[in-house]
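Remarks on the structure that follows.
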Amino acid sequence: MDDKKQRALMYLRGALQDNSKYFRDGQWEAIESVVTHKEKLLVVQRTGWGKSIVYFLATKLLREAGAGPTLLVSPLLSLIRNQIEAARRIGITAQSIDSTNTQDWDEIKARVLAGDLDVLLVSPERLANESFVKEVLSKITSSVGMFVVDEAHCISDWGHDFRPDYLRIARILRALPPNTPALATTATANDRVVEDVVSQLGSELKVIRGPLVRQSLRLQNIMMPNQAARMAWLAEYVPKMKGSGIVYTLTVRDAVKLTEWLRCKGIDACAYHSGGNISNDEKKTLEQKLLNNEIKTLVATVALGMGFDKSDLDFVIHFQRPASVVHYYQQVGRAGRAVERAYGILLGSSEDDDIADYFIEHAFPPTIHISNVIAAIENAPDGLTKCQLLQQVNMPARELDKVFTMLSVQQPSPIVNQGGKYVRTATPFAIDSQKITRLKSVKRAEQKRMQDYMQTTGCLMEFLSRELDDPHASKCGMCACCVGAPLLPPDYDKALAAEASAFLRRSEIVIEPRKQWPSQKSDDRYKGKIPDNLRAESGRALCMWGDAGWGDLVKRGKQEEEHFSDELVDAAVDMIPKRWNPQPPPAWVTCVPSMNREVRVPDFAKRVASVLGIPFRPCVVKVQHTQPQKLMQNSNRQLNNIKDAFTIYKKLVLPYPVLLIDDIVDSRWTFTVITALLRDSGSGDVLPLALAKTLIGSL
C-alpha cells in the first residue's frame, strides 16, 4: 500500500473511530483520481456510500502536499452544517459563508485569503453575490486546491432539484487553472442527468458509477384512503419503531400539523421546515437532537434532505408520495446507513397528485411572465426596481425572483442590475418555450412512475435502481414485495382515524395581520407601515381550502350549495371562545360584502352572530366592481384592485371589537383594507375570520 493510501486509511479510521474499517469499493479510486492524477470526476454512488469522505480525505492529502483550500458548493444549510462537522472529524478546518453567520464573514474571508482554511463551503446562490465574487472568489481562483460540487444533479435542469444558480458553476470551473482537480458527487442522477452534467462541466469529466441498492433498507408501500388514516397509522406505529427517524411531508403546514398530532399522542416529535418561524439556530438544535437520539422523530419537509447524515437512522416514513422516484430515493436514503435493518415506508393517497400537480405547474415561470418582464424593462430607459416591476407585471414576487434568476444565469445575461434597477442589455433573448414544455412533460412522466412505484408488485429497491439507470440493479430480497408479506401492518385503527379527523377540525390557521403597505406610486393613504390603530388583530381561518378537516365542507358550500352548512356555523362558534379566545371578545359582527348578490357570506355571518348572541351590522359596502383577488398575483396588484372598492356606513359601526367574516382568505389585503376603514370609522379591534385559507403560501 503506497504512502498516500496508507495515510488516507489512517484518517478514515480516525474519523470513524474504528481501526477495522476499510475503503468502500470505489472510494480510494476516486480519491486517487483527483489527488494523484488531478482529474475532473463525477461520482454517482448510493446514499450513505461515503461521498463526503472522498472529498474530505482528498482535501487532507492535497493540503499536506501544499495545495490551496477546497472550494465546496453545497445546496442546503442543513447539509453544510453536517459537512463542517464531518470535516472536523477528519481533522480539517471547514467554514461556510452563508446567511446564518454574517457576523463571522470578515474573519472567514481573512482566513481563506491567508490560506488558513482547508475547506470553504458556499451555496450556489452565493456565487451570484457580487461582494463575494469580488472580495473572495476572484482572489482565490488561482490558488483553489480542489473544486467540489456536492449534489451535482442540481446542475441539470433534468434533475429532480434543479437550481438555476448551479449553472454558474461551469463558468467558475472554466476560470480555474486547467490542472485544478474537480469532484462532483450525487446519488440521484440517471443517464440523462449524467449526460447533462458532463455537457456543462466538460467532456473531460470522468464518470464513476456504483450500485445503488441499499442492503439495509426494508421498503414498503401502504395506500391509505385519506389524511386521517395516515395520521392514525403513524400514531400507532411510530412509537413501535426502534430508534429515531424522519417523517417527510410535502408542505410546511402538514409538517406543523402532523407534529402537533404526534405530540398530542405522546410521541416526541418536532417540526423541521424552511418556514420563517423556525430560526437557523433552532434548526441546528433540532438536527443535533435527532443526531443524539434525543427525540423520536423530526417531521420534515425537503429542508432536511440532501446529505443529512445520521448513520443510525432507523426509519424514514413518507406522509405523502414525493413527486418523483429520485426525490424518494434521495430522502429514504437517509435511513439505514450504519444499521443492519431500517425501514422506508411510503404512505400514499389520491391527494398526493394534487400537491404534485401544484409543484409541477409552479416549477418554471410561465413564458408570459418572462415576456412581460423583458418588455417592461425594455420600455423603461432608466431601468426598473423590483417594486416598480411588481406594479407593472401581474405576477407574485417569488415568481419575479425566478424570472430574475433564470435571466441572470444566461451568459451573457439579457438584463443586469445596476444600482438597484434592472436594465436591458444588448443581448438578444428568445424564450425557449419548447424546453419548458419538455421539462414539464418529464416531470409528469416522473409523477406517473412514482404512481407506478406505489402499485408495483416487483422488488421495490430494484424499481428505484432501474429508474436511476443503475447498471447493477437487482432484487433486494428484503422489501415487502420480495418477502411477499407486509413488513409492518398496513391496517390503521379506525377509532384513531376518527380522532385524527376531529383533530384536523380543531386545527385552525392563524391569519397574521399585514403590517406594511406595499410601495405605491401615488397614494399617501397606503404607504409605509400600517399604523397600530388601523391594523387588524390576529385572525383565524377554520381550515385550508379542500383539506381533510372542514375544507371539503367549505368547498361544497361555496361551489355546490346556496348556503354554508350549520356544521360550519357551529365550528366557528365553538372555535372562537375555546381555542381562539380573543380578548376582548367580539361584541358585534360584520362581513366582506359582494356586488353580485352573493348571499353566502352575509348569511353565514348573520347565523354566527345569532348563535353568539351579538348583533350583525352590515356596515361594509362595496362600491366598485373588482377583479377576483385570486387573479391578482402580487401585493401591489392585490391592493390596487380593492383599495377603492369599499366604504363604511358609519351609522352602523359600533365602537367595540368586531368579528369581520369572509369565506376565503389568500393575500389578506381585503381584510387589511376593510380593517383600516372600520377602525377609521370608529370601530374597536377588528378580528378577521375566514372559513378557509388557500393553499398558496402554505407549501
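The values are calculated or read from the model by the stated rules, or taken from the named source; none is laboratory data. Model, not experiment: these values are computed from the prediction. All Cβ positions, glycine included, derive from the backbone under ideal geometry; neighbour counts span all protein chains shown.
Given (1) at pLDDT below 80; (2) over 26 Å from Arg174 (Cβ atoms), identify the lone condition not met by Val409.
Single failed check for Val409: (2).
Can you confirm whether the stretch 362-381 contains a residue that is touching a residue at least 60 places away in the same chain (Cβ under 8 Å), outside the structural domain of Ala228 (by TED's automatic domain parsing), not hydroxyl-bearing (Ser, Thr, Tyr) and not in a loop (DSSP other than H, G, I, E, B)?
So far as the stretch 362-381 goes, yes, one or more of its residues are touching a residue at least 60 places away in the same chain (Cβ under 8 Å), outside the structural domain of Ala228 (by TED's automatic domain parsing), not hydroxyl-bearing (Ser, Thr, Tyr) and not in a loop (DSSP other than H, G, I, E, B).
Kindly list the number of the only condition in (1) over 21 Å from Leu612 (Cα atoms); (2) touching a strand residue (DSSP E or B) at 6+ places or on another chain (Cβ under 6 Å) that fails for Pro582.
(1)
Tell me the residue from Arg637, Arg679 that is in contact with an Asp or Glu (Cβ under 9 Å, 6 or more places away or on another chain), of a type outside the set (Val, Ile, Thr) and either modelled with pLDDT under 95 or farther than 26 Å from Cys543 by Cα (or both), please.
Only one candidate passes the filter, namely Arg679.
Checking Gln330 against (1) free of Cβ contacts under 8 Å to residues at least 40 places away in the same chain; (2) crowded, with 18+ Cβ neighbours inside 10 Å, which single condition isn't satisfied?
Failing condition for Gln330: (1).
Yes or no: the stretch 1-13 includes at least one residue that is among the polar types (S, T, N, Q) and within 35 Å of the chain's Cα centre (by Cα).
No.
So which residues in the stretch 226-259 are surrounded by fewer than 20 Cβ atoms within 10 Å (Cβ to Cβ), touching a Phe, Trp or Tyr at 6+ places or on another chain (Cβ under 9 Å) and modelled with pLDDT under 95?
Once the filter is applied, which keeps residues that are surrounded by fewer than 20 Cβ atoms within 10 Å (Cβ to Cβ), touching a Phe, Trp or Tyr at 6+ places or on another chain (Cβ under 9 Å) and modelled with pLDDT under 95, the stretch 226-259 yields Met241, Lys242, Gly243.
Given (1) under 17 Å from Lys643 (Cβ atoms); (2) of a type outside the set (D, E, K, R); (3) touching a residue at least 24 places away in the same chain (Cβ under 8 Å); (4) in a loop (DSSP other than H, G, I, E, B), where does Ala548 come up short, assuming only one miss?
(1)
For the stretch 241-269, give me each residue that is touching a Lys or Arg at 6+ places or on another chain (Cβ under 7 Å) and farther than 15 Å from Ile345 by Cα.
Ile267, Asp268, Ala269
Return the residue satisfying two criteria in turn: it lies in the stretch 62-82 and is surrounded by fewer than 23 Cβ atoms within 10 Å (Cβ to Cβ) and at pLDDT 85 or above, and of such residues it is nearest to Leu127 (Cα to Cα).
Gly68
Within the stretch 434-455, track down each residue that is surrounded by 13 or more Cβ atoms within 10 Å (Cβ to Cβ) and not basic (Lys, Arg).
Ile436, Leu439, Val442, Glu446, Gln447, Met450, Gln451, Tyr453, Met454, listed by residue number.
Residues of the stretch 588-607 being in a loop (DSSP other than H, G, I, E, B), touching a residue at least 24 places away in the same chain (Cβ under 8 Å) and surrounded by fewer than 17 Cβ atoms within 10 Å (Cβ to Cβ), which ones?
Once the filter is applied, which keeps residues that are in a loop (DSSP other than H, G, I, E, B), touching a residue at least 24 places away in the same chain (Cβ under 8 Å) and surrounded by fewer than 17 Cβ atoms within 10 Å (Cβ to Cβ), the stretch 588-607 yields Ser594, Met595, Val599.
The rows are residues; the columns are (1) within 19 Å of Arg505 (Cα to Cα); (2) within 36 Å of the chain's Cα centre (by Cα); (3) modelled with pLDDT of 95 or more; (4) assigned to a loop (DSSP other than H, G, I, E, B).
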site: Asp552; (1), (2), (3), (4): yes, yes, no, no
site: Gly557; (1), (2), (3), (4): yes, yes, no, no
site: His563; (1), (2), (3), (4): no, no, no, yes
site: Asp570; (1), (2), (3), (4): yes, yes, yes, no
site: Ala609; (1), (2), (3), (4): no, no, yes, no
site: Ile614; (1), (2), (3), (4): no, no, yes, yes
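So, in the stretch 618-640, of the ones that are in contact (Cβ under 8 Å) with a residue 40 or more places away in the chain and more than 30 Å from His369 (Cα to Cα), which residue ends up farthest from the chain's Cα centre (by Cα)?
Ranking the candidates gives Cys619 first.
Would you pick out the residues in the stretch 510-536 that are crowded, with 17+ Cβ neighbours inside 10 Å and either among the charged types (D, E, K, R) or not assigned by TED's automatic domain parsing to the domain that holds Thr675 (or both)?
Once the filter is applied, which keeps residues that are crowded, with 17+ Cβ neighbours inside 10 Å and either among the charged types (D, E, K, R) or not assigned by TED's automatic domain parsing to the domain that holds Thr675 (or both), the stretch 510-536 yields Arg514, Arg535.
With respect to the numbered conditions (1) more than 23 Å from Lys60 (Cα to Cα); (2) surrounded by fewer than 17 Cβ atoms within 10 Å (Cβ to Cβ), which one is the sole condition not fulfilled by Asp98?
(2)
Does any residue of the stretch 539-557 turn out to be of a type outside the set (Lys, Arg), surrounded by fewer than 21 Cβ atoms within 10 Å (Cβ to Cβ), over 25 Å from Gln227 (Cα atoms) and not assigned by TED's automatic domain parsing to the domain that holds Pro225?
No: zero hits.
State whether the residues of the stretch 649-664 include one that is under 41 Å from the mean Cα position of the chain (by Cα), buried (at least 16 other Cβ atoms within 10 Å of the Cβ) and without any contact (Cβ under 8 Å) to a residue 60 or more places away in the chain.
No, every residue in the stretch 649-664 fails to be under 41 Å from the mean Cα position of the chain (by Cα), buried (at least 16 other Cβ atoms within 10 Å of the Cβ) and without any contact (Cβ under 8 Å) to a residue 60 or more places away in the chain.
Of all helices (runs of 4 or more DSSP H) completely enclosed by the stretch 430-517, which ones contain at least 1 residues that are over 30 Å from Gly539 (Cβ atoms) and in contact with a strand residue (DSSP E or B) (Cβ under 7 Å, 6 or more places away or on another chain)?
Output list reads 433-455, 460-467, 480-483.
Can you tell which of Ala229, Ala235, Ala255 is of a type in the set (A, V, I, L, M) and without any contact (Cβ under 8 Å) to a residue 60 or more places away in the chain?
Ala255
If I filter the stretch 79-91 for residues that are assigned by TED's automatic domain parsing to the domain that holds Leu167, under 13 Å from Leu117 (Cα atoms) and among the aliphatic types (A, V, I, L, M), do I get at least one hit?
Taking every residue of the stretch 79-91 in turn, at least one turns out to be assigned by TED's automatic domain parsing to the domain that holds Leu167, under 13 Å from Leu117 (Cα atoms) and among the aliphatic types (A, V, I, L, M).
For residues that are of a type in the set (Gly, Ala, Ser) and part of a loop (DSSP other than H, G, I, E, B), scanning just the stretch 165-213, find the one that is modelled with the lowest pLDDT.
It comes out as Ala189.
With respect to the numbered conditions (1) in contact with a Leu (Cβ under 7 Å, 6 or more places away or on another chain); (2) at pLDDT below 90, which one is the sole condition not fulfilled by Phe147?
Result: Phe147 fails condition (2) only.
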